[in-house]
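Data first, discussion second: the structure below is written as structure tokens.
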Amino acid sequence: ATAKSSAKACCSDGKMVVGCLNWSKYDPIGHIMLHINLPSVKSLELGPNETEFTSLLMALAFANWQQLEQVTLRAVTRGAKQWTQFFTALQGKRITSLNLSKCKFSNNVQDLANFLKKADRIASLNLAECELQDNFAPVLGALLGHPTLKHVDLSQNSLGGECGKSIAALLSKNSSLASINVSSNRSLGDASLIFESLASNTRLRAFNFSFCVANTPAHANSIGDMLAKNTVLKSLSLVGCSITKDGGAVFRGLTNNSSLERLCFRANSLDRAATEFLILALQTNMAIEHMDLEGSTSNLSLPEVCMALAKRAKPLDLRM
């Protein structure tokens, strides 16, 4: 009775934190075994401890957790064999959220892809800071026709050109995604491919491309064309994308956009010609509500900005 009560105590609201305050009372295997017959467990969190990871493998493989939905691993670094066991153990679970941020499993991307192909309930996937490279492309391929996935975070990895092509295909063919964060993957190849696919996307609401390279006139034009054609995107982040030449194309597209509410354009560089399109966008685009231009406005005239804002029919949160 005492063991059962202790198990329930660290699983309040169906959430089990492996390594919780009650952890010191039991050996790791004994602690995990306390939860075997608690089918109400819905969420698991795990820190960077080898013994905890081994216990989690046991739990996922043997526990009767039919309601398990959310799995979070924090900065776990283990061998390829253990990661294979982990992704295999996830098979058949009703996972809706998988957070592996800062975990190192780059040699097991195919195991992750195999899991995702069958994970028909997953809605959120966080793989930020996992040291992923271009061999990650098979995972993106597994997501192409995924019916339930809504949020993907691939930020702060080292994805390259092949993954850039796969991201473009994902934007073109996946009809469930609502947000994608690919920021701080410095070189995703030809950014034009990604924004050309985004132009015809009818579901995505937020796209974070910050600190990815888009430094050619073709890139700027593709972003502008996307803004002119896309009718559903609400938030776009382009911080530090090295947009200099033909940056005006971005704001030319914005003048014809009726859906975007938030644009973050910090740490780029607008020449004088580009600022003219920016002023026009400020005057004519009533959908935009928040615009951050900090570090990009050395050629922008403050009196012109004030005059443009005075002509707006709706308020704008503008940061310069």
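The values are calculated or read from the model by the stated rules, or taken from the named source; none is laboratory data. Predicted, not measured: the structure shown is a model, and the values here were computed from it. Every residue, glycine as well, gets a Cβ built from its backbone with ideal geometry; the counts of neighbours run over all protein chains shown. For the accessible areas, the whole protein counts, side chains as well, though only heavy atoms, and no ligand, DNA or RNA atoms are used. Shrake-Rupley method; radii C 1.70, N 1.55, O 1.52, S 1.80 Å.
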* **Flag if L204 is open to solvent by less than 40 Å² (accessible area, probe 1.4 Å) and under 19 Å from S237 (Cβ atoms)** => yes
* Select from the stretch 150-170 the residues that are of a type in the set (A, V, I, L, M, F, W, C) and surrounded by 22 or more Cβ atoms within 10 Å (Cβ to Cβ) and list them in ascending order. => V152, L154, L159, C163, I167, A168, L170
* Asked: Which residues, taken from the stretch 156-208, are of a type in the set (A, V, I, L, M) and out of contact with any Phe, Trp or Tyr (no Cβ under 9 Å at 6 or more places or on another chain)?
  -> I167, A169, L170, L177, A178, L193, A199, L204, A206
* Kindly indicate which of R319, R312 is over 24 Å from G160 (Cβ atoms), touching a residue at least 24 places away in the same chain (Cβ under 8 Å) and open to solvent by 70 Å² or more (accessible area, probe 1.4 Å). => R319
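A quick yes/no check of all residues on (1) at pLDDT below 90; (2) among the polar types (S, T, N, Q); (3) open to solvent by less than 10 Å² (accessible area, probe 1.4 Å):
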site: V76; (1), (2), (3): yes, no, yes
site: A80; (1), (2), (3): yes, no, no
site: C103; (1), (2), (3): no, no, yes
site: N135; (1), (2), (3): no, yes, no
* Asked: Which one of the conditions (1) in contact with a strand residue (DSSP E or B) (Cβ under 9 Å, 6 or more places away or on another chain); (2) open to solvent by less than 20 Å² (accessible area, probe 1.4 Å) does S235 fail to meet, given that it meets all the rest?
  -> (2)
* To do: May I ask you to verify whether L263 is touching a residue at least 12 places away in the same chain (Cβ under 8 Å), under 23 Å from D153 (Cβ atoms) and not in a loop (DSSP other than H, G, I, E, B)?
  => yes
* Which condition number in (1) under 28 Å from L159 (Cβ atoms); (2) touching a strand residue (DSSP E or B) at 6+ places or on another chain (Cβ under 7 Å) is the one that I288 fails? -> (1)
* To do: Could you list, in sequence order, all residues of the stretch 269-281 that are open to solvent by less than 10 Å² (accessible area, probe 1.4 Å) and either more than 17 Å from S235 (Cα to Cα) or of a type in the set (D, E) (or both)?
  => L270, A274, T275, L278
* Taking F87 as the residue in question, decide whether it is at pLDDT 80 or above and either in contact with an Asp or Glu (Cβ under 7 Å, 6 or more places away or on another chain) or surrounded by fewer than 18 Cβ atoms within 10 Å (Cβ to Cβ) (or both). => yes
* Structure fact -> Taking the stretch 132-146 and keeping residues assigned to a loop (DSSP other than H, G, I, E, B) and in contact with a Cys (Cβ under 9 Å, 6 or more places away or on another chain) leaves L132, Q133
